[in-house]
Every structure is written in C-alpha cells, then in structure tokens.
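Everything below concerns the one structure shown next.
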Amino acid sequence: MMLYAGIWFLSASTLLFEVALLRVFSIALWYHFSFMVVSIAFLGYGASGSFLMLTEKLRERPLFLFASPVLFALSSPLSYIIANRIPFDPARLAWDINQILFIVLYYIVLSVPFIFSGMTLALALTLMAERAGRVYAADLVGAGSGPAIALLLFPVLGGEGVILASASGGFVSSLFILKWVQSRSPKGTEKKIGRPGISLIPVFGILCVLLVFITSPSFMDTRVSPYKDLPFALKFSGARLIETRWNSFSRVDLIESPAVRFAPGLSLTYLEALPGQRGVTVDGDGLNAITRSDPPEALRFLDYLPTALPYRLIGAGPEVFLPEVFLVDTRGGLSILEALYHGTSFIKGAETNPLVKELSNSSYSGFIYDRADIRTGEGRAILKGSGKRYDLINIGVSSQTAAQTGFIGLTEDYRFTVEAFIDYHDHLKEGGFLLITRYLLPPARGELKLVTTAVEALEAMGIEEPAKRLVIYRTLETFSILIKRGPFEEKEIELVKGFLAERRFDPVHYPAMPPEEANRFNRFPEPLYYNLVGAIMDRDLRGRIQKDYVFDISPSTDDRPFFHHFFKLKNIGPVVESVGGKWQILLEGGYLLPFVFIQALFASVLLVVLPLIKKTGGNGGGGGGEKGLSAGLRITPVLAYFFLLGMGFMFIEITLIQKFILFLEHPEFAFSAVVSVLLVSSGAGSFLSQRLGPERTIRLAVFTLVALLIPFTLLLSPVLNASLGLDPALKVLLTAVIVSPLGLVMGMPFPSAVRYLEALGGKSMVPWAWAVNGCASVLGSVLCFMAAMAVGFRGVLVCAAVLYLAALWAVNLAKKRARV
C-alpha cells in the first residue's frame, strides 16, 4: 500500500505541476506557446524510460526509487524559476534569432521534473511488473486527481502557489516510497536505508516550500511579456494596478491607465470625450473596459457605435415596446450599458469569467451587473437553458489585442459554428436580430469566414435566399454582420442606409445594394469586402472562392470548431506575400502545429533509438552485438504496441475534452472533468485487469473499446447538444456516465502488456516500453489537432479505433516472434 500511495501522490503532483505550468506560462506568454513548451517538456516522461534503459545499475539500487520523487520535488519549482528568467518572448521572434535558443532552453529546463517523475513510475512498473495493473492504477487515479485538485487550489494559492504545492506532493510521495523500500530491503541494509537522516530530507523540503510560500519572494513572480496588454498599459504615466484575482482557470487584473479606451468602431463623427474607463485583463491580455455610467450625458457615444444599429431598427417598429435582449460575452459591461441606454429593461446574457463579472460590478460602473441577469458560463448553453426567444442577440466584441494576437489559431470557438448560428436563429423572435461584431483584421479572412458560416447555417435551415436576411457593414476598425429572422423590409433597409451614412460607416452588403454604395468613407484601394462577400452570397461562386482563396474561409462546425484557423499548408508563400513578406503571420495557428510535431518527432526518435544503439553495440564483441540486434528486432512489435496505445489514448482523450468544452461551458472545466473521470475510470480498469490473463485482457479491452467508439462517433454530439440546458451538477454527472465506460477499458491494455512482457521474460524492456508510450502521447496530442483540422473530431475517433486495432495486431505479431 505504501508504494501505491507514493505513486498516487507523485502522479497527482506531476499533473498538478503540468496544469500550473500551462496556467503561469499562458500569462507569461500566450496559451499556445505554453502548450508547445509543456508538450515538448512532457517528453521528459519518455526520456526517463530511455535513461533507465541506458543505466541498468541504477535500476538495481532501491534507494533511487526514493530519490527520484525527491528530485522531482526539488526540480519542479527550480525549473519554473529558471524558465521564468529565460528571456524568451514569442513576439520577439520577428527580429531576435536568439529566441530559438531560448525555446530549446525552455524544453531542457522544464523537462527535468518530468524525467524524475517518469523514472519513479517506470522503475516501479519494472520492479512490480507482475502487479502492473495495481501500480498503473495508482498512477492513473493520481493523475486523474491532479486537475481536480488544481481547480480547488488555484483560487486560493495562485499559479506560483500551485507549483509549490506540487513540490510538496513530491516530498510526501517520497516518504511513502521510502517506507516501501525499507520494507523490501534485504537483511543487512535496513540500518543504512532506515537511518533518520534520509527520512528528514523530504520533511525539510516541505518546510522550505512552506517558507517560500509564506515569504512570497520576488523570484517566484511570473514574468509577463511586455508585449501583452497588462504591462503595456501599466507603462503609461499615472497607471496603476488596482487588484489581481485568481480563479481555477485565469488571472484577472483591474487597472487604471490612460491606455484604456474601449469603444469598438466608434464613429469618427463623434468628437466628444469618452467617459472614464478602467481596464480589465485576463491572463495579462485581452484589455477590456469598465465604463463609468455617469454623468448620463457622457454616454452619448453609445449611439455612435456600430452596435447601435439593431436598437435603431427595433425602435422604429410600428409598436412601442421594451425589447428583450440576450448578450454574449459581456466582459466589462459595455454591451449591458448600451442595452440600458437604448431603453432595454429585460436583459439576459452570459459572461464566461466570473472574476470579470465581479470586478466589473462596482460603484464605478454603477453596479452594472446588478441591472441585468447575466449568468456565468458559455453563451450558447445559457441561451438554450433560458428557454426564451429574444428581439436581439448581441455577441460582444473582443479586445483589439486579442484579435490581433497571432496565437489563437488553434483555439476552439463554439460561438461561431454552423450549429451555433442555428441555435442563435432558433432563439430569435420573428423579426428579431442577431448581431456579431469583430475587429477588422486585414488581410480579409476572419470576416469572410464569419459570412460563409452564417450563409451555410441559413441554408442548412432551408432558407433559399440568405442574402435577403443579411446586412453587413464595417467601420475603420470593425466588421459587423446583422442577421434577421425573416427578410429585411424596404423601410428597414432605408433605416440601415441612413444610419450608416450618418455615422460614416461603409455598407458591405444589404439586399439589392448597388456597387457604388461600397467603400465610400473608410476606403480601401478597391471595394475588397463588397466583392468577396458578394461572391460568397452567390451559391455557384462560393465553392470556388473557398477553394481558390489564399486563406481557409470554409465554415466552422462543432466537429471542426477552429474558427480562427485560416491557413492552407499549400499556400505558405502566398500567405506571407499577402502581408508584405512578414513571416510572423505563420505563427497564427496552423503552421505552429507542424513545427511542434517535427520537434517532438526528432526528440522521440532519439529517445527510442538510444536504447537500441546500446543493445546492438554496447556488449563489446560482435557476437554480443548480433544478439542485441536480434533482441531489438524481436522487441519491435512490442514497442509498436505501446506506441500505438499512446497515440490512440491521446486521440480519444483530446477529442473528449474538445467535445465537452461547449457542454461544460469552459475549456478548463472540460479538461478537469474529462481528464479526471477518464483517468480515474482507467485506473479502475487497470486494477480490474490484474484479475485476468494479460493476453485475454488485451483482446477483450480492444474489441470492447472499438465497439464503444462506434456509437460515440455517431451520437456524442447530438446527445451533448440536446443536454446543453441542464443544470451544472447534472452536466458533471452525465459527463461521468458517458466517459467512464471508455476509461474503464482504456486502462486495461497498458498494464496487461507489461505483465505479458514479464511473462515472456522481457521485464527489463519495461522502461523502454514506458519511453515509447510517453513519446507517442506527446506526438499524439499534436497529431490529434492536425487530424481534427483535416477530418474533424469524428474522424479522429475513427483513427483512434484503427490505432487500437493496429496495436492488437502488433501484440499478436510479438507473440508469434516470441515462439521463434
């Protein structure tokens, strides 16, 4: 039991450390660069197995099993401190070639804790191969507990505190493992292994961690890129940081700064000063504003925003009534203030971050959130749960920096999919409006993708002439699309034309719009948006423009929710040319994945081949080399089995996380819930596998998993979409019910194969198998996204089924070779 407890603590601490790194480096850098760094660092798991294969004598020393979690505990905060001092900044890649070197240093430094953690687990599996099911179960249950623990600790300890907590967990793990080592030590060594000084090491380490947490030294503070909104805004004279808060998935800062000026698309005809505003950032970026609600005359600017158009259309109706409005992503409350200014009293909506809502709801804003019914969560889910229809659904404008940042291309966005537009349309009253406004970001791509998605959604609902239900217009800095439930009437079109001309906004499309109306005020060299949107409206031309256009502007769907991914791999040259030869645009998403994959592949091949080189050449003589080569060739199908398992597991895990993001209303909640349920249930499966023969368990698990994936592929999305309106507790329960059966069978193949190796006399190969499986997990996490962008997440599940069947074939091949 002591060994299993030690493994539980170590695995939970390792996952806690990984989640903490993702959080703090999302703040320091940007999310997908932190994803890249941590993914490559996680190759440390693979490196641990290769290192054990190369150091056979180390595997024979029992105290090393105690030392490795101690080294994990020491290196985890130390690696963070060192990495935090490395002057790597993605924004500087454009002019500083040294940033490439700094990325490599990040990988090396951050991989060290994972190497020590992986060594402990690989060595435990090797020593206890006959009980691999129980050892692996402790590992999986501990790893599954890590994300759940992170949700509880982040609001209390913050990112830096969670890193220290993971170190404490490593020290606690070593105490349990030491007790186990002492209980198994041969006679004559108890005195050496059990001397008091050894057990005091982790106790002293815990006290040191506690001291660092209490004193909060400056070297633990996360260094934020100076090119993010928060440090930039604080550079201005008179700027100050008012408050910082953490929750389980973000850090939110409230500031005062002259840099805070948030009025997206404000008409150039408005010449007065804006009211006072405070800034709010999430993870150091995405600057939005909290606007003072007094004096009332200072709010006139709201009538000069492009988002004022639907209110004017609603107010011009034949009947006088108070419109019912639903607001998505209210952020600092500007859209709430706008709705109130235009006479709306029934306001519902959604804000994804509760801390933003709390900090925005103050006397400064006139307690703006108390004047509306704004729930915390994902807009689509809350909209479906409201059970109402609205006169206007308004999706708020993100900050300009967030729109310009080239690191969101891999981010899922379920607000802008075909299915999302159908949901919005279904919740409009007859004659109601859906308004979406985005920052204009040349070269044209996101704006066009928004139009193609809207048009495809309307056609999917059986609407034959979508062009008659759309009004599209732009300002100097924003692009707006207004969709009506029903065709626009002539008098409405006249109101649209009058509003746009009065505010000097440019129409891009309205029914029967003449070409001379385009590109009048905020001029481009040619009416680019009018021409491209007109081609999209034509069903015959739409397919051709999607195929030939330099960017990917095909509609997003819930199965391929990467709205911000615009790149076609074949168009690298034209893409760079379209922005004046600036290659930095390639960092915007899609091209980052192949870059990460190539690095991971290179490191993985090196880690897998190194033990083979030793086996083939490390025995000194030619005969020994031939014998090693023969053994290496016999082990190939076994290594292939573990590789395919790692790939298949990651394909399923990441797909489930992605599928549950919309359902559970936030990426971090989806990650924590799915990973916790999947790994804990996998741990249960691993434990149960110990009772069956290894070969029989492998066959049973693979065939059962493939049988389960068939209905999952077909029915998961419809079931989750139909359940979006459930209460949060019921959603978590449904998540557990759906994910647990998969996890139960996914936890069986790995430990069963370890026991199978032990039965075949290949116990010494367990660290090598661990290395291969770890490398495959990293490669699989990257390949999964690449495959999803190509064939969607349903296709990824099909690929996972093929990978598991291929793994079964590999183990059959290994059995045949073992008989030779």
- prompt: Restricting attention to the stretch 248-274, which residues are in contact (Cβ under 8 Å) with a residue 24 or more places away in the chain, out of contact with any strand residue (DSSP E or B) (no Cβ under 6 Å at 6 or more places or on another chain) and under 27 Å from residue 474 (Cβ atoms)?
  reply: 259, 261, 263, 266, 267, 268, 269, 270, 272, 273, 274
- line: Output for Cβ contacts, cut-off 7 Å, separation at least six or different chains, first residue at positive phi in the stretch 542-556, second open to solvent by 20 Å² or more (accessible area, probe 1.4 Å), reads none
- request: Could you list, in sequence order, all residues of the stretch 441-462 that are open to solvent by 20 Å² or more (accessible area, probe 1.4 Å), in a loop (DSSP other than H, G, I, E, B) and not small (Gly, Ala, Ser)?
  value: 441, 442, 443, 461
task: Of the conditions (1) at pLDDT below 85; (2) open to solvent by 10 Å² or more (accessible area, probe 1.4 Å); (3) under 15 Å from residue 116 (Cβ atoms), residue 52 clears all except one; give me its number.
output: (2)
task: May I ask you to verify whether residue 287 is open to solvent by 20 Å² or more (accessible area, probe 1.4 Å), touching a helix residue (DSSP H, G or I) at 6+ places or on another chain (Cβ under 8 Å) and not in a loop (DSSP other than H, G, I, E, B)?
output: yes
- request: Give the residue, chosen from 692, 705, 688, 709, that is more than 24 Å from the chain's Cα centre (by Cα) and closer than 17 Å to residue 784 by Cβ.
  value: 705
statement: Quick count over the stretch 758-782, residues being open to solvent by 30 Å² or more (accessible area, probe 1.4 Å) and modelled with pLDDT of 90 or more, is 0
query: Do we find that residue 389 is within 21 Å of residue 344 (Cβ to Cβ), out of contact with any Lys or Arg (no Cβ under 6 Å at 6 or more places or on another chain) and at pLDDT 75 or above in this structure?
result: no
query: Which residues, counting only those in the stretch 360-397, are part of a loop (DSSP other than H, G, I, E, B), touching an Asp or Glu at 6+ places or on another chain (Cβ under 9 Å) and not charged (D, E, K, R)?
result: 361, 366, 377, 396, 397
task: Identify all residues within the stretch 208-243 that are surrounded by 15 or more Cβ atoms within 10 Å (Cβ to Cβ) and among the hydroxyl-bearing types (Ser, Thr, Tyr); write none if there are none.
output: 222, 225, 227
- prompt: Only one of 35, 72, 64, 25 is at pLDDT below 85 and either over 21 Å from the mean Cα position of the chain (by Cα) or not in a helix (DSSP H, G or I) (or both); which?
  reply: 64
message: Being more than 27 Å from residue 721 (Cβ to Cβ), at pLDDT below 95 and not in a helix (DSSP H, G or I) is the requirement here; does residue 476 meet it?
response: yes
- line: The residue from 710, 698 that alone is surrounded by fewer than 22 Cβ atoms within 10 Å (Cβ to Cβ), out of contact with any Gly (no Cβ under 9 Å at 6 or more places or on another chain) and β-branched (Val, Ile, Thr) is 710
query: Out of the stretch 345-361, which residues are touching a residue at least 40 places away in the same chain (Cβ under 8 Å) and either among the aliphatic types (A, V, I, L, M) or closer than 26 Å to residue 295 by Cβ (or both)?
result: 355, 356, 358, 359, 360
- prompt: How many residues are more than 15 Å from residue 308 (Cα to Cα) and in contact (Cβ under 8 Å) with a residue 24 or more places away in the chain if we restrict to the stretch 486-506?
  reply: 3
- prompt: Among 272, 338, 297, which is the only one that is open to solvent by 30 Å² or more (accessible area, probe 1.4 Å) and outside any loop (DSSP other than H, G, I, E, B)?
  reply: 297
- request: Can you work out which of the residues in the stretch 80-124 that are open to solvent by 10 Å² or more (accessible area, probe 1.4 Å) and part of a loop (DSSP other than H, G, I, E, B) is farthest from residue 163 (Cα to Cα)?
  value: 95
- request: Scan the stretch 466-473 and give yes if some residue there is within 30 Å of residue 720 (Cβ to Cβ) and either open to solvent by less than 20 Å² (accessible area, probe 1.4 Å) or of a type in the set (Gly, Ala, Ser) (or both), otherwise no.
  value: yes
- prompt: Restricting the search to the stretch 669-691, which residues are aliphatic (A, V, I, L, M), open to solvent by less than 60 Å² (accessible area, probe 1.4 Å) and farther than 30 Å from residue 376 by Cβ?
  reply: 684
field: All positions within the stretch 319-335 that are over 24 Å from residue 387 (Cβ atoms) and part of a helix (DSSP H, G or I)
entry: 334
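The values are calculated or read from the model by the stated rules, or taken from the named source; none is laboratory data. Keep in mind it's a predicted model, so treat the numbers as computed, not measured. Cβ sites come from the backbone with ideal geometry, for glycine too, and all protein chains shown count toward neighbours. Side chains included, ligands, DNA and RNA excluded: accessible areas come from the protein's heavy atoms. Shrake-Rupley method; radii C 1.70, N 1.55, O 1.52, S 1.80 Å.
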